1. Just for the protein assembly as shown, what percent of DSSP beta bridges are antiparallel, to the closest 5?
2. Over chain B, with a single point scatterer placed on each C-alpha, what log10 of the ratio I(q)/I(0) does the Debye formula yield at q = 0.18 1/Å?
3. Within 10 Å of each residue's Cβ, count the other Cβ atoms and sort B:100, B:76 from fewest upward.
4. The range A:67-115 to the range B:63-86: how many Å between their Cα centroids?
5. On the Cα set of chain A, report Rg and Dmax in Å, please.
6. If one puts a single equal scatterer on every Cα of the range B:2-61 and applies the Debye formula without solvent, what log₁₀ I(q)/I(0) results at q = 0.17 Å⁻¹?
7. Let me know the volume per residue of the alpha-carbon convex hull for the protein assembly as shown, in Å³.
8. Give me a single rounded figure for B:37-43: the average over its residues of other chain Cβ atoms within 10 Å of their Cβ.
């Protein structure tokens, strides 16, 4: 069974540009989470989808970030326009239906570098 | 004050020794705790979780939770070089996958 996959693995963009990160959760996992780790800091929660609905988006830093999960399968996280402080590693994680605990399956992350 | 604190290390132990990784938390609302292992450039992987005070053992790993002291630990017995990784402690509210992570402790097991 495939794990959580994320694309791209690394993206380098200029300040002011747009980047879209994609996450494919484990098949059948209704819960999908986005986390990010900024250089030197801890991994921080961004938001949680249950199927296509945003359950909790309290960690989204500002309105330059837009997450979607159309159809309740894969999810995208768009940063527009990107700023220097957005550089970091963006992790996606998923868990099975009805699981509302921290037992998550993580992807390897998408590293974003904003120049 | 950080909500979950870990010593970033590196913690260096010889092969075969016991590695002790510690974590403190400030939010008394945290009800569940998780230890994730992350190899460099790879995904965090759940290795232990604990919800109740006391010890929980799984193979070479023992998680310990003391809610009164707001302290969580992970013991790795018979440490192997393959255990060399960053260990992330995370707290959760119990009914959500929204976790609060510490910065992680880097463990080096020397042959």
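Each value in this text was obtained by applying a stated rule to the coordinates, not by laboratory testing. Predicted model, so just to flag it, every value in this text is computed and none were measured. Cβ coordinates were reconstructed from backbone atoms using ideal geometry, including for glycine residues, and neighbour counts include every protein chain displayed.
1. 90
2. These q points yield log10 I(q)/I(0) values of -0.83.
3. B:100, B:76
4. With the range A:67-115 and the range B:63-86 each reduced to a Cα centre, they are spaced 27 Å.
5. Rg and Dmax of chain A, Cα atoms, are 13.2, 41 Å.
6. Per q value, in the given order, log10 I(q)/I(0) is -0.77.
7. Each residue corresponds to 125 Å³ of Cα convex hull volume.
8. Counting other chains' Cβ atoms within 10 Å and averaging over B:37-43 gives 4.
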